[in-house]
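Q: Take this structure first; my questions come after.
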Amino acid sequence: QVQLVESGGGLVQVGGSLRLSCQVISRTNRLYAIGWFRRAPGKQRELVAAIDGNGTTNYYRDSVKGRFTISRDNAKNTAYLQMNGLKPEDTAAYYCNLGTYGRSGYSFYDAWGQGTQVTVTS
């Protein structure tokens, strides 16, 4: 059984920065791929960024490229999402999730933490 704990969200002005953390609590040492998703009010959940188990392969959706950076510290079982240059359209609840990365790309399980809210004000 795996538990995901997101933190680091908050209220920030346009152009500001936040760093989200995703702690993975698991009884195994398996190195899952980790994805950061977000859901804005009235919209579907979307994948923002992802990183493979070894931290060597990343994915970013186009709207966050150059502004967001995903990373992980496997010794701490924690993944991060550094968000710079925040925009009002980044306002959403952010969630991390576990998955796999292979020849077909990323695939994620349907198991979610409580999320952390990011609100960007203009």
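The values are calculated or read from the model by the stated rules, or taken from the named source; none is laboratory data. For clarity, every value in this text was computed on a predicted model and none was experimentally measured. Every residue, glycine among them, receives a Cβ derived from its backbone with ideal geometry; neighbour counts consider all protein chains shown. Heads up: the accessible areas ignore ligands, DNA and RNA and are worked out on the full protein's heavy atoms, side chains in. Shrake-Rupley method; radii C 1.70, N 1.55, O 1.52, S 1.80 Å.
Q: Looking only at region 44-61, filter to residues that are touching a residue at least 40 places away in the same chain (Cβ under 8 Å) and out of contact with any Leu (no Cβ under 9 Å at 6 or more places or on another chain); which one of those is most open to solvent (accessible area, probe 1.4 Å)?
A: Selected residue: Arg45.
Q: If you don't mind, another one. Any idea how many residues of region 1-58 are closer than 20 Å to Pro88 by Cα, of a type in the set (Ser, Thr, Tyr) and under 14 Å from the mean Cα position of the chain (by Cα)?
A: 1
Q: Moving to a separate point now. Please give the number of the condition Gly113 fails out of (1) small (Gly, Ala, Ser); (2) at positive phi; (3) touching a strand residue (DSSP E or B) at 6+ places or on another chain (Cβ under 6 Å); (4) modelled with pLDDT under 95.
A: It fails just one condition, (2).
Q: Something else about it: Which one is farthest from the chain's Cα centre (by Cα) among residues in region 92-122 that are closer than 13 Å to Phe37 by Cα and among the aliphatic types (A, V, I, L, M)?
A: Ala111
Q: So is Val64 open to solvent by less than 20 Å² (accessible area, probe 1.4 Å), over 15 Å from the mean Cα position of the chain (by Cα) and over 23 Å from Gln1 (Cα atoms) or not?
A: So Val64 does not fit the description; no.
Q: Moving on. For Gln82, which of the numbered conditions (1) out of contact with any Ser or Thr (no Cβ under 8 Å at 6 or more places or on another chain); (2) under 12 Å from Leu18 (Cβ atoms); (3) not basic (Lys, Arg) fails to hold?
A: Condition (1) is where Gln82 drops out.
Q: Moving on. Does any residue of region 68-79 turn out to be of a type in the set (Lys, Arg) and not in a strand (DSSP E or B)?
A: Yes, region 68-79 contains a residue that is of a type in the set (Lys, Arg) and not in a strand (DSSP E or B).
Q: Quick check on region 81-104: of everything there that is open to solvent by less than 30 Å² (accessible area, probe 1.4 Å) and of a type outside the set (Gly, Ala, Ser), which residue is farthest from Val2 (Cα to Cα)?
A: Leu86
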